[in-house]
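Working notes, structure below.
The values are calculated or read from the model by the stated rules, or taken from the named source; none is laboratory data. Quantities reported herein were computed from a predicted structural model and do not represent experimental measurements. Each accessible area value is taken on the protein alone, full model and side chains, heavy atoms only, with ligands, DNA and RNA left out. Shrake-Rupley method; radii C 1.70, N 1.55, O 1.52, S 1.80 Å.
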Amino acid sequence: MLRVLAVDDEMPALEELLYLLRADPRIRSAEGATDATEALLRINRALDAGPDGDDAIDVVFLDIHMAGLTGLDLARLLAGFARPPMIVFVTAHEGFAVQAFDLKAVDYVLKPVRRERLAEAVRRAAEGATTSRDAQPGKGPATGQAAAPQDQIPVELGGITRFVPIADIAYVEAHGDYARLHTVTANAPGTAGSGTGHLVRIPLSTLEERWASRGFVRIHRRHLVALGRIEELRLDGGTTTVRVADAELVVSRRHARELRDLLMRQAGRR
């Protein structure tokens, strides 16, 4: 059972988010704040009661564009806490997924918020809370059985459902309302992007949201790539391309600079 804090400076959006959160049986309580300053006061008040107390906030559902401190500013402040709450960004803007990934957000939900999509974010937060409790010294496993982390995605082939490890996926290609998953094992040299891989009935935008915290980034309206699988970044005559799993993919101008910056930051951490 999670105690959550929702933060949004637009009252109608905040009230709708709180309504949806309170309807989820995994949420013990949900409070609201209309700016980052108020949110910090509430979080500090909860910490004063003790990190294991009944008032401890487990998850902050956080808008990005707010007056004063933005959601990203607040997330950076919380990252400095000894035991920060988990963060789920809830925003109308797609362009901040990379920063959310850097800040180790649990999930990145786009507005308008759909009930099913929010439920997925709550599920991920509940799993994170269970893992955190189990890892604490002197604490045994949580009572009951938590769902295992979804490290695989089901795909159907010839009437058989197979489970593909997400860690094996190098990039994803859009096919209308479907997406084709190109894995390291499925793509032999010279065949990537030629129709190999696994087709799933999930839009690319949905996978972009779900897998932002797993290191997947959008490089083009047609492609989502695993950052750790990028083997080469090339700039040739004003066109940026990346090599991923023996495929050469074009990076749109909109995403090129952001991708280069992210790759440089990643290289700097090695």
### Message
Taking the full set of protein chains and a 1.4 angstrom probe, give the accessible area of R210 in square angstrom, rounded to the nearest 10.
### Response
80
### Query
Which order do Y178, Y108 take when ranked by solvent-accessible area (1.4 Å probe, heavy atoms of all protein chains), largest first?
Y178, Y108
### Summary
Probe 1.4 Å, all chains present, heavy atoms only: R229 accessible area in Å², nearest 10, is 90
### Query
Non-local amide H neighbours of I87 (under 5 Å, H modeled in plane, Pro and chain starts lacking H): which ones?
V60, V106
### Message
What's the whole-number percent of alpha carbon pairs in the range 199-240 lying beyond 16 angstrom?
### Response
44
